[in-house]
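This report refers to the structure that appears directly beneath it.
The values are calculated or read from the model by the stated rules, or taken from the named source; none is laboratory data. Everything numeric in this text was worked out from a predicted model, so none of it was measured. Glycine also receives a Cβ, built like all others from the backbone with ideal geometry; neighbour counts cover every protein chain displayed.
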Amino acid sequence: MSDILKQLNEAQQQAVISSQGPVMVIAGAGSGKTRVLTYRIAHLLSQGVDPFQILALTFTNKAAKEMKERIISLVGSSDARNVWMGTFHSVFARILRVEGHHLGYPQNFTIYDTDDSKSLLKNIIKELQLDPKLYTPGSVFSRISAAKSNLISVEDYNSSSEIMDQDRIANRALIGEIFKHYRARCFKAAAMDFDDLLFNTNLLLRDFPEVLFKYQQKFKYILVDEYQDTNHAQYLIVKKLAARHENICVVGDDAQSIYSFRGANIQNILNFRNDYPDVKTYKLEQNYRSTKVIVNAANSIIARNKDQIFKEVWTENEEGSLIQVLRATSDVEEGILVANSVFQTKMNLQLPNSDFAILYRTNAQSRTLEEALRKLNIPYRIYGGLSFYKRKEIKDLLAYFRLVVNTRDDEAFNRIINFPARGIGSTTLEKLALAAGQLNLSLFEVASSVNHYVPGLPKNTATRIEEFTTMIASFHVQLQRTNAYELGYKIATHSGLMKELAADDSEEGQSRMQNSEELLNALKDFSEKEQTLFLRMKKRVKLKKAPFR
């Protein structure tokens, strides 16, 4: 490990080898933050720490994957793969799969993404006969999400006069009622949304001391990336888990905190010294990424922050070109100025279009930029559009998988009951929903005995519903007998989804087919890796049982 440490500068080395007690690493932009986290974990492993006792929390899957790959290159795959590393949501979902029964959730609970949540809220708003223009699913979802991020329960929400007054002033006095229905429907469907993963983990650690003790003992070393972006729920979970051993290392930069709109609380990093008075603080101030001009410009802006942990970022890189600043009075003018700058530079220097890139923070900003570029006949291509798992064909196939695993998942049921088309209309679905609501059953339970719960349906319609539920039930039985790929392939083909996609020979249709095949390929890779791991573990068990000779 000593040879590996030589690859780090002095500040990075100190942050890596200080493994005991609370540590805060203030990392300026481009200063090797990920490198320090990676080497710190590798150092712990080289010191004999059990990888299962290390918890590393990141904000993106990409960051977790990059760190794991680097650790593998340093210490080998066996140790690196056993470190508990991932995003806050993925790690806590893993814990909830094991401990969720304390809160009344089955191990196979569904995780709703934002689209699922908004779809459910849309149905609730409709059922409560509220104005959909006033109570838009997006605005209601944001309000509920903010509450849960601050650990405000449904009961707390509806009993707070301040919150109720805020909703009344916004002319949306019934958000609390929607919140109550939303929580009940999620629980009935054995589903959690992303905010629930944090909210419910907090409940677990607060209300079940034996669970808290178990994971405090398990995680003797805790590392948190981008600590300045943690919200109240994340902060409390980390603080509780680290309370026993206090071997906690947080890495971040107060000057890079930009997610307050998502609930991030910059005070978490500013007050870290108050939480851990004996904390050791290390500053990574050498920037390896940017030119001197950019670093100095950033420093001059950061110097004006009112509350900050002082540091002076510097670089040995070249001086670099001066920064040009365009001041615009509106988003339309901004688009025009940017497009004109591209056009003039392109013509003056005779450059190809591929030499230019425009970066913007939110997808909504692309509209004015696109309009300005089109007016100047500048062709463009937008990158980072709809993500793979947000595409309709992928969400359709995943909805089948979800319902097979968790037949109480009403959102998955609604999405696929009539896709591919089975001749089951909206009126029939409303009758199923009404019966399910009155009897406190899932839609699948009602549909499985449709003639009993919804008498009077046309015979053909009832038969189609029974055929659908029989198909899902047969897949559900195979869960424990068949690997993920084989069952996934059966679902995709027997449901009629692949046939539906294959029937569309347009370019877009072919793309949807390829995306679905790619998802099945991912399942195949997963199944093969699981099989290899299983055989490896089986071999180890045999070796342990073998008698000495």
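Which of the following residues is under 30 Å from Ser139 (Cα atoms), buried (at least 18 other Cβ atoms within 10 Å of the Cβ) and in contact with a Ser or Thr (Cβ under 8 Å, 6 or more places away or on another chain): Asn247, Asn268, Asn287? Spell out the reasoning first.
On the way: Asn247 fails: under 30 Å from Ser139 (Cα atoms); Asn287 fails: under 30 Å from Ser139 (Cα atoms).
Residue meeting the stated conditions: Asn268.
For Ala298, all conditions in the list (1) hydrophobic (A, V, I, L, M, F, W, C); (2) out of contact with any strand residue (DSSP E or B) (no Cβ under 8 Å at 6 or more places or on another chain); (3) closer than 30 Å to Ser153 by Cα hold save one; what is the number of the exception?
(3)
Would you confirm whether any residue within segment 135-146 is polar (S, T, N, Q), farther than 26 Å from Arg206 by Cβ, without any contact (Cβ under 8 Å) to a residue 40 or more places away in the chain and not in a helix (DSSP H, G or I)? Give the steps one after another, and end with the answer.
Going through segment 135-146, the residues polar (S, T, N, Q) turn out to be 136, 139, 142, 145.
Filter once more, so that each one left must be farther than 26 Å from Arg206 by Cβ: 136, 139.
After this cut, where a residue has to be without any contact (Cβ under 8 Å) to a residue 40 or more places away in the chain as well, the list is 136, 139.
If we keep only those that are not in a helix (DSSP H, G or I) too, we end up with 136.
Yes, because at least one residue in segment 135-146 is polar (S, T, N, Q), farther than 26 Å from Arg206 by Cβ, without any contact (Cβ under 8 Å) to a residue 40 or more places away in the chain and not in a helix (DSSP H, G or I).
When residues of segment 301-311 are filtered for being of a type outside the set (Val, Ile, Thr) and exposed (fewer than 11 other Cβ atoms within 10 Å of the Cβ), how many remain?
So the count comes out to 4.
Residues checked against (1) crowded, with 21+ Cβ neighbours inside 10 Å; (2) assigned by TED's automatic domain parsing to the domain that holds Ile269; (3) of a type in the set (D, E, K, R); (4) touching a Ser or Thr at 6+ places or on another chain (Cβ under 9 Å):
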position: Lys6; (1), (2), (3), (4): no, yes, yes, no
position: Gln12; (1), (2), (3), (4): yes, yes, no, yes
position: Ile17; (1), (2), (3), (4): no, yes, no, no
position: Ile41; (1), (2), (3), (4): yes, yes, no, no
position: Gln47; (1), (2), (3), (4): no, yes, no, yes
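Conditions (1) surrounded by 15 or more Cβ atoms within 10 Å (Cβ to Cβ); (2) within 17 Å of Cys249 (Cβ to Cβ), marked per residue:
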| site | (1), (2) |
| --- | --- |
| Ala56 | yes, yes |
| Ser77 | no, no |
| Trp84 | yes, yes |
| Thr87 | yes, no |
| Gly100 | yes, no |
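Can you tell me which condition Val325 does not meet? The list is (1) touching a residue at least 40 places away in the same chain (Cβ under 8 Å); (2) of a type outside the set (Ser, Thr, Tyr); (3) under 30 Å from Leu369 (Cα atoms); (4) surrounded by fewer than 18 Cβ atoms within 10 Å (Cβ to Cβ), and all the others hold.
(1)
Exactly one of (1) touching a residue at least 24 places away in the same chain (Cβ under 8 Å); (2) over 24 Å from Val404 (Cβ atoms); (3) in a loop (DSSP other than H, G, I, E, B) is unmet by Ala173. Its number?
(1)
Restricting segment 486-533 to residues that are small (Gly, Ala, Ser) and in a loop (DSSP other than H, G, I, E, B), which is nearest to Tyr400 (Cα to Cα)? Show your work before the answer.
First, the residues of segment 486-533 that are small (Gly, Ala, Ser): 488, 492, 495-496, 502-503, 506, 509, 511, 516, 522, 527.
Now narrow it down to the ones that are in a loop (DSSP other than H, G, I, E, B): 495-496, 503, 506.
Values: Ser495: 8, Gly496: 11, Ala503: 20, Ser506: 24 Å.
Taking the candidates together, the pick is Ser495.
Pick from segment 63-107 the residues that are in a loop (DSSP other than H, G, I, E, B) and among the small types (Gly, Ala, Ser): which of them is nearest to Asp207 (Cα to Cα)?
Step one: of segment 63-107, the residues in a loop (DSSP other than H, G, I, E, B) are 76, 83, 104-107.
Filter again for among the small types (Gly, Ala, Ser), leaving 76, 104.
Values: Gly76: 39, Gly104: 13 Å.
Step by step, filter segment 63-107, then rank; the result is Gly104.
Yes or no: Arg185 buried (at least 17 other Cβ atoms within 10 Å of the Cβ), part of a helix (DSSP H, G or I) and charged (D, E, K, R)? Spell out the reasoning first.
On the way: buried (at least 17 other Cβ atoms within 10 Å of the Cβ): yes; part of a helix (DSSP H, G or I): yes; charged (D, E, K, R): yes.
Against the criterion (buried (at least 17 other Cβ atoms within 10 Å of the Cβ), part of a helix (DSSP H, G or I) and charged (D, E, K, R)), Arg185 qualifies.
Looking at segment 297-321, which of its residues are of a type in the set (S, T, N, Q) and within 13 Å of Gln256 (Cα to Cα)?
Going residue by residue through segment 297-321, those that are of a type in the set (S, T, N, Q) are 299-300, 305, 308, 315, 317, 321.
Of everything in segment 297-321, those that are of a type in the set (S, T, N, Q) and within 13 Å of Gln256 (Cα to Cα) turn out to be Asn299, Asn305, Gln308.
Just wondering, is there one or more residues in segment 155-162 that are touching a residue at least 40 places away in the same chain (Cβ under 8 Å) and either assigned to a helix (DSSP H, G or I) or touching a Lys or Arg at 6+ places or on another chain (Cβ under 7 Å) (or both)? Explain how you work it out, then say what you get.
Filtering segment 155-162 for residues touching a residue at least 40 places away in the same chain (Cβ under 8 Å) gives none.
No, segment 155-162 contains no residue that is touching a residue at least 40 places away in the same chain (Cβ under 8 Å) and either assigned to a helix (DSSP H, G or I) or touching a Lys or Arg at 6+ places or on another chain (Cβ under 7 Å) (or both).
Which of the residues that make up segment 32-49 are touching a helix residue (DSSP H, G or I) at 6+ places or on another chain (Cβ under 8 Å) and under 25 Å from Phe88 (Cβ atoms)? Show your work before the answer.
To start, the set of residues in segment 32-49 that are touching a helix residue (DSSP H, G or I) at 6+ places or on another chain (Cβ under 8 Å) comprises 32, 34-43, 45-46.
Scanning segment 32-49 gives Gly32, Thr34, Arg35, Val36, Leu37, Thr38, Tyr39, Arg40, Ile41, Ala42, His43, Leu45.
Out of Val224, Val211, which single residue is within 23 Å of Ser19 (Cβ to Cβ) and either touching a helix residue (DSSP H, G or I) at 6+ places or on another chain (Cβ under 9 Å) or in contact (Cβ under 8 Å) with a residue 24 or more places away in the chain (or both)?
Values: Val211 fails: within 23 Å of Ser19 (Cβ to Cβ).
The conditions single out Val224.
Are any residues in segment 125-144 surrounded by 17 or more Cβ atoms within 10 Å (Cβ to Cβ) and closer than 21 Å to Leu197 by Cβ, and if so, which ones?
Just the residues of segment 125-144 that are surrounded by 17 or more Cβ atoms within 10 Å (Cβ to Cβ), to begin with: 125, 130, 135, 137, 140-141, 143-144.
Within segment 125-144, Pro137, Val140, Phe141, Arg143, Ile144 meet the criteria.
Being closer than 20 Å to Arg402 by Cα and surrounded by 15 or more Cβ atoms within 10 Å (Cβ to Cβ): is that true of Lys118 here?
yes
Show the residue pairs meeting these rules: Cβ distance below 6 Å; 6+ apart or different chains; first residue within segment 478-505 and modelled with pLDDT of 90 or more; second residue surrounded by 16 or more Cβ atoms within 10 Å (Cβ to Cβ) and among the aromatic types (Phe, Trp, Tyr).
Pairs that qualify, where the first residue is modelled with pLDDT of 90 or more and the partner is surrounded by 16 or more Cβ atoms within 10 Å (Cβ to Cβ) and among the aromatic types (Phe, Trp, Tyr), are Ile491/Tyr400; Ile491/Phe475; Ser495/Tyr400.
Can you tell me how many residues within segment 131-145 are over 10 Å from Ile175 (Cβ atoms) and over 19 Å from the mean Cα position of the chain (by Cα)?
Counting residues in segment 131-145 that are over 10 Å from Ile175 (Cβ atoms) and over 19 Å from the mean Cα position of the chain (by Cα) gives 6.
When you go through Ala146, Ala173, Ala190 one by one, which is the residue that is touching a strand residue (DSSP E or B) at 6+ places or on another chain (Cβ under 9 Å) and among the aliphatic types (A, V, I, L, M)? Break it down stepwise before answering.
Numbers: Ala146 fails: touching a strand residue (DSSP E or B) at 6+ places or on another chain (Cβ under 9 Å); Ala173 fails: touching a strand residue (DSSP E or B) at 6+ places or on another chain (Cβ under 9 Å).
Unique residue meeting the criteria: Ala190.
Each row is one residue, and each column tells you yes or no for (1) under 31 Å from the mean Cα position of the chain (by Cα); (2) among the hydroxyl-bearing types (Ser, Thr, Tyr); (3) surrounded by fewer than 15 Cβ atoms within 10 Å (Cβ to Cβ).
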| site | (1), (2), (3) |
| --- | --- |
| Ser426 | no, yes, yes |
| Ala433 | yes, no, no |
| Leu443 | yes, no, no |
| Ala447 | no, no, no |
| Val454 | no, no, no |
| Glu467 | no, no, yes |
| Ile472 | yes, no, no |
| Thr482 | yes, yes, no |
| Lys499 | no, no, yes |
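List every residue pair whose Cβ atoms lie under 7 Å apart, where the two residues are 6 or more positions apart in sequence or sit on different chains, the first residue falls within segment 424-442 and is in contact (Cβ under 8 Å) with a residue 40 or more places away in the chain, and the second residue, located anywhere, is basic (Lys, Arg) and assigned to a loop (DSSP other than H, G, I, E, B).
Once the first residue is in contact (Cβ under 8 Å) with a residue 40 or more places away in the chain and sits in segment 424-442, its partners that are basic (Lys, Arg) and assigned to a loop (DSSP other than H, G, I, E, B) give Ser442/Arg408.
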